[in-house]
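Undergrad: Pasting a structure here, questions to come.
The values are calculated or read from the model by the stated rules, or taken from the named source; none is laboratory data. Not measured: the values here are computed from a predicted model. Ideal geometry is used to build each Cβ from the backbone, glycine not excepted, and the neighbour counts take in all protein chains shown.
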Amino acid sequence: MSNHRLQSLVNPASIAVLGASQKSGTVGNEVIVNLRKGGFEGPIHPINPGYEEVEGFTCYPTLTDLPEQPEMVIFAISDQCVETALDEVIALGIPACTIFSALIVNNDSTPNLKQRISDKAQAAGLLIAGANGMGFYNVRDRVLAGGFDTRDHPFPGNVTLISQSGAGMSGIVDCEQRIQFNFAVSSGYELTVAMEDYLDYALDLPETRVVGLFLETSRYPDKLIQAFKKANQRNIPIVVLKVGRTELAAELAVSHSGALAGSDQCYHALFHYYGVQRVEDLDQLATALIMFAQANQTAAGGLVCLHDSGGERQLIIDLADRFSVPLTELQNKTLKQLEGLLDPGLPVVNPLDGWGTGGADAPTKMAACFTTLLMDSGAAFGAVVHDRGPNSEIYEPYLDYLHQAQSATSKPVFLVANRQGSGSDELAITSTHQGFPVIDGISQFLMGARCLLDYRDFQQREPSQVDDLDQDKSEYWRERLRVDTKVSETLASLCLADMGIPMLQSVLVSSQVELQSAATAMGFPLVLKTAQPGIDHKSDVGGVILNIPDEARLLDAYYAMAERLGPQAMIAPMVHSGGIEMILGVSRDDQFGPTVVVGFGGLYAEVLADVAVLMPPFDSDTVKRALQNLAMYELLEGVRGAPAMDVDSYCRAAATLSQVALSLQDTVAEIDINPLKLSADGCIGVDALMVLIE
């Protein structure tokens, strides 16, 4: 690790503390206390002209009075003093510093203090943790560089937490003793060191087993993608809590972090592409980190769980369905073994209520039942789901169940309480540290289980097999589209069809003669659409006439449309009305480039938004998996006697569009094929909208 560029910041040989204080509870005092608590092994130099000694360390008036130059300086001073101190740090050639304060002063000039500090630090190549952050806890190297009180951190740990929210870090780091951290950081303003840099550093730490991210936005998308790739190469799962899904949340994220928040759908597609597991709140994030931190690998199959309550067994069945966590269907061999263990009248099924009438031998039977469940070849991992005892105590026999089952199978095991009680039990902490996690709350556990299963499946998935586009065609269309300011539907359909996507072809007309000539060549029935420039959504203005049966009605429709909207129009063959309307689309994100939308189109897209967003390139298998997760997927398989749709044809078209999206990403901002008609015989795009980059 000595060659990582963040070394001077996160693992310095010596530290100076500007504004060090003997007053308990102040930032200047907490910094010294934390460094000592963490066991920092290098020199600590308090700086404050008002003291001769702070917490037993010799205190110096200024940085220049130190007997040696420190490698990192922690600022525990007011915002009014920061700029002068920073100038001195840069002049002395000190490589790194940590700043907690928000860099806000009254009657500030332009550029403001934050921008001045950033500009100076960038020009000097100075590494800054912060500003406006809680600092960092490099537990593995014994550098607790935080300005606020924190708990004791056992050494060593295997979990990293990187948070763009200060409270998001401390809310887990200081309140969840079941997690043992090797590194945690609140990145703050990220003036010169960003979340992506910390992630890269953490992935190089040999102890890191899982990384948690509290993410508002990425300032360096390319760095983030490279870090995700590194995590994949090193088999390190990443769990992310991404805020900013709603418009208001995104606005607040911008205000808080000082960076533009990327499209949430694009982030979701990015996470899916690189196997990053997404959770929805801090409880789920902490639980997922606990579950990934244990050492045993998730096996094939689903969840098996043991209960002592029939009602709570039914609860997990309902919730497992909501969280899409598969419950293992037990093999006959397992069922027969369980029959010999259970009291009469108890159903032999997973989830298993094994308690029965209780009695002195009940714990022995329960342990045997859990081991039998976990030995089933369809069991990926197991949970003993019992409530905690009085005062939230953990009953030790429950942990015996875990130990016996894991000893026999080497599969992950968890003790899960149906809810968190009002107290805590040291046994829950020590058991978790020993690799037998105690989890509170069924929903939190099932979200963590979903993450374990999805990450397992991601690791086992074959890489996408993507066919390259014809490079000559790609270059032709890039050049052709660069000379246009607007793309007609006819040209858009022609482009997409030429690049391999099945599209209905149309003919542009601007007079009765052209209309009649095209209709004669095409044959009836026909569709007439306005092609007047500036009208992107034709149906919204009555610019689409369907199923025109003959020339007379075609002329009538054309005259009426020309009078209302203008003479520019297009005609195309009428597509049979059977099948299901789907959508294919491309949207270009400012941070991460193109994404592809797949799913149900037409009115479905507008009302239900039953779609998925994917990061290109991808293959047809990826599309199939995305469709199977949509609410209306069963429609494609055929319901109530309807034929099954040719889903594979749609998946191939979507995979091709993913290549088109990348090929034209410097030219095209948006593509919308809606609807794309999918039938039992194949698919064809009916409408096409293409928007160029201005």
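Undergrad: Within the range 432-442, which residues are closer than 28 Å to Ser324 by Cβ and not aliphatic (A, V, I, L, M)?
TA: Thr432, Gly435, Phe436, Pro437, Asp440, Gly441
Undergrad: Out of all the residues in the range 169-188, is one or more free of Cβ contacts under 8 Å to residues at least 24 places away in the same chain, in a loop (DSSP other than H, G, I, E, B), under 19 Å from Asn235 (Cβ atoms) and of a type outside the set (D, E, K, R)?
TA: The answer is no, given that none of the residues of the range 169-188 is free of Cβ contacts under 8 Å to residues at least 24 places away in the same chain, in a loop (DSSP other than H, G, I, E, B), under 19 Å from Asn235 (Cβ atoms) and of a type outside the set (D, E, K, R).
Undergrad: Among the candidates Glu563, Glu581, which residue alone is out of contact with any His (no Cβ under 6 Å at 6 or more places or on another chain), acidic (Asp, Glu) and within 17 Å of Leu635 (Cα to Cα)?
TA: Glu581
Undergrad: Now a separate question. Tell me, which strands (runs of 3 or more DSSP E) wholly within the range 1-116 include 2 or more residues that are within 38 Å of the chain's Cα centre (by Cα) and not small (Gly, Ala, Ser)?
TA: 15-18, 72-75, 96-99
Undergrad: Something else: Residues to consider are Phe214, Phe136; find the one that is under 17 Å from His4 (Cα atoms) and surrounded by 20 or more Cβ atoms within 10 Å (Cβ to Cβ).
TA: Numbers: Phe214 fails: under 17 Å from His4 (Cα atoms).
Answer to the check: Phe136.
Undergrad: Working only within the range 439-459, note down all residues that are outside any helix (DSSP H, G or I) and crowded, with 23+ Cβ neighbours inside 10 Å.
TA: So in the range 439-459, the residues outside any helix (DSSP H, G or I) come out as 439-441.
Result: Ile439, single match.
Undergrad: Hey, another quick one. For Gly166, which of the numbered conditions (1) at pLDDT 95 or above; (2) touching a Ser or Thr at 6+ places or on another chain (Cβ under 7 Å) fails to hold?
TA: Result: Gly166 passes all but (1).
Undergrad: Can you say whether Glu55 is farther than 28 Å from Asn106 by Cβ, touching a helix residue (DSSP H, G or I) at 6+ places or on another chain (Cβ under 7 Å) and touching a residue at least 12 places away in the same chain (Cβ under 8 Å), as far as the supplied structure shows?
TA: Yes; evaluated as a whole, the condition is true for this residue.
Undergrad: Pull up the range 274-298, narrow it to residues that are within 17 Å of Phe181 (Cα to Cα) and in a loop (DSSP other than H, G, I, E, B), then point me to the one that is modelled with the lowest pLDDT.
TA: Result: Ala295.
Undergrad: Follow-up. Suppose we filter the range 542-572 for residues that are in a helix (DSSP H, G or I) and exposed (fewer than 14 other Cβ atoms within 10 Å of the Cβ); how many remain?
TA: 6
Undergrad: Here is a follow-up. Please go through (1) within 24 Å of Arg461 (Cβ to Cβ); (2) at pLDDT below 95; (3) of a type in the set (Lys, Arg) for Arg245 and return the number of the only condition it doesn't satisfy.
TA: (1)
Undergrad: For the list (1) within 29 Å of the chain's Cα centre (by Cα); (2) crowded, with 24+ Cβ neighbours inside 10 Å, I need the number of the one condition that Asn418 fails.
TA: (2)
Undergrad: Given the criterion surrounded by fewer than 20 Cβ atoms within 10 Å (Cβ to Cβ), within 25 Å of Ser21 (Cβ to Cβ) and assigned by TED's automatic domain parsing to the domain that holds Asp281, identify the matching residue among Asp65, Asp79, Asp174. Even if it seems obvious, please write down each step before you answer.
TA: Numbers: Asp65 fails: assigned by TED's automatic domain parsing to the domain that holds Asp281; Asp79 fails: assigned by TED's automatic domain parsing to the domain that holds Asp281.
Answer to the selection: Asp174.
Undergrad: Scan the range 650-663 and tell me whether some residue there is basic (Lys, Arg), under 25 Å from Gln471 (Cβ atoms) and either under 29 Å from the mean Cα position of the chain (by Cα) or at pLDDT below 90 (or both). So that I can check it myself, show each step before the final result.
TA: First pass over the range 650-663, keeping only residues basic (Lys, Arg): 652.
Subset that is under 25 Å from Gln471 (Cβ atoms): 652.
Applying the additional criterion that residues be either under 29 Å from the mean Cα position of the chain (by Cα) or at pLDDT below 90 (or both) yields 652.
Yes, that holds for at least one residue.
Undergrad: Here are some residues: Tyr60, Tyr137. Which one is in contact (Cβ under 8 Å) with a residue 60 or more places away in the chain and in contact with a strand residue (DSSP E or B) (Cβ under 9 Å, 6 or more places away or on another chain)?
TA: Tyr137
Undergrad: Out of all the residues in the range 195-216, which are under 23 Å from Asp264 (Cα atoms) and touching a Lys or Arg at 6+ places or on another chain (Cβ under 9 Å)?
TA: Matches in the range 195-216: Met195, Glu196, Asp197, Leu199, Asp200, Leu213, Phe214, Leu215, Glu216.
Undergrad: Just checking, does the range 332-351 include any residue being touching a strand residue (DSSP E or B) at 6+ places or on another chain (Cβ under 7 Å) and basic (Lys, Arg)?
TA: Checked against the condition, which is being touching a strand residue (DSSP E or B) at 6+ places or on another chain (Cβ under 7 Å) and basic (Lys, Arg), the range 332-351 yields no hits at all.
Undergrad: Do you know which residues across the range 153-171 are closer than 19 Å to Glu426 by Cβ and surrounded by fewer than 17 Cβ atoms within 10 Å (Cβ to Cβ)?
TA: Across the range 153-171, the qualifying residues are Pro154, Phe155.
Undergrad: Output the qualifying pairs, or none if there are none: Cβ atoms under 7 angstrom, residues six or more apart or on different chains, first residue in the range 13-31 and farther than 19 Å from Leu86 by Cβ and touching a residue at least 40 places away in the same chain (Cβ under 8 Å), second residue surrounded by 14 or more Cβ atoms within 10 Å (Cβ to Cβ) and aromatic (Phe, Trp, Tyr).
TA: Listed pairs, sorted by first residue: Glu30/Phe148.
Undergrad: Specify the residue that is surrounded by the fewest Cβ atoms within 10 Å (Cβ to Cβ); the eligible residues are those in the range 588-611 that are free of Cβ contacts under 8 Å to residues at least 60 places away in the same chain and part of a strand (DSSP E or B).
TA: The selected residue is Val611.
Undergrad: So which pairs qualify, if the first residue must be in the range 399-418 and under 16 Å from Ala295 (Cβ atoms), the second must be crowded, with 24+ Cβ neighbours inside 10 Å and of a type in the set (S, T, N, Q), the Cβ gap must be under 9 Å, and the two must be at least 6 apart or on different chains?
TA: Pairs that qualify, where the first residue is under 16 Å from Ala295 (Cβ atoms) and the partner is crowded, with 24+ Cβ neighbours inside 10 Å and of a type in the set (S, T, N, Q), are Ala405/Thr372.
Undergrad: Scanning the range 483-521 for residues that are free of Cβ contacts under 8 Å to residues at least 60 places away in the same chain and not in a helix (DSSP H, G or I), which turns out nearest to Val668 (Cα to Cα)?
TA: Applying the filter and picking the extreme gives Val483.
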